[in-house]
1. So for segment 4-81, what percent of the C-alpha to C-alpha distances run longer than 18 Å?
2. Report the antiparallel proportion of the DSSP beta bridges in the chain as a percent, rounded to a multiple of 5.
3. For the chain, build the charge dipole from Cβ charges (+1 Lys, Arg; -1 Asp, Glu) around the Cα centre, then report which of 7, 83, 108 sits farthest towards its positive end.
4. Determine which lysines satisfy two conditions relative to residue 40: a Cα distance under 23 Å, and not lying fewer than 8 residues away in the same chain.
5. What's the extension gain from residue 26 to residue 207 if we count 0.36 nm per residue and subtract their Cα-Cα distance?
6. Could you tell me how far the Cα centroid of segment 160-211 sits from the Cα centroid of segment 15-82, in Å?
7. Give the range of the longest stretch in the chain that excludes all trypsin sites (Lys or Arg not before Pro) found in loop regions by DSSP and having at most 15 other beta-carbon atoms within 10 Å.
8. Where the only charges are on Cβ atoms (+1 Lys, Arg; -1 Asp, Glu), what is the dipole of the chain about its Cα centre, to the nearest 20 debye?
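Please treat every number below as a calculation from the coordinates, not as lab data. Owing to the predicted nature of the structure, the values given are computational and were not obtained by experimental measurement. Backbone-built Cβ (ideal geometry, glycine too); neighbour counts: all protein chains shown.
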Amino acid sequence: MTDLTFYTHPMSRGRIIRWMLEEVGQPYDTQILDFENAMKSPAYLSVNPMGKVPAIKHGDTVVTECGAICAYLADAFPQAGLAPAHGSKLRGPYYRWLFFAAGPIEQAVGLKALGAEVPAERERMLGCGSMDHVLDALEGALDGRDHLAGDSFTAADLYVASHLGWGMQFGTIEKRPNFERYVALHDGRPASKRAVEIDDGIIAAQQQPAE
């Protein structure tokens, strides 16, 4: 038993947090919840009333929402070097892009996945504006750069690369050379590979026919 518990499903946004936990390098327990029953059970609703994963519990502290979990873990375990130091001028861009992924990227991708068409004259009502605005802004930030906050990998890179990789794989984000380069670079990290192996292994085990 550890004081860090991870609630997830291997075919969910929990894959982002699995990667983050592997980067942090601290022991953690995993609870796999199915979508139909366990996520809506009273026990889990006491952790996350939304009935969604991922979530973590660290001691008595519960954190939900991927962006918040990434930010929390980076600060809770500073030895992993996943966030600029407090007081650093890099803290601003780090927060900016971490929550750009949680806000405009999530919103724009969700609208596209639902087939929603937003009239140009109503784009100002949305935080994302439009998908083109979001992708152009992000592409500009990545032009000639491997990282979004300084010259080292942070939780912001992990979160943004996860969104881009998932979106390009499933066609909700346009494939652009800067995005493909950036995702390939960070997907190659050992912690990312470990996380994929763990979650893919869980999926394979779940698909095995019962004896």
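1. Working: 965 of 3003 pairs.
Summing the P(r) of segment 4-81 above 18 Å gives 32 percent of all pairs.
2. Details: 8 of 12 bridges.
The antiparallel proportion sits near 65 percent.
3. Most positive-ward Cα: 83.
4. 52, 57
5. 62.3 nm
6. Distance between centres, Cα-based: 18 Å.
7. Details: sites that count: 89, 145, 175.
Counting at most 15 other Cβ atoms within 10 Å as exposed, the longest clean stretch of the chain is 1-88.
8. Details: 19 positive and 27 negative charges, 61 e Å.
About 300 debye.
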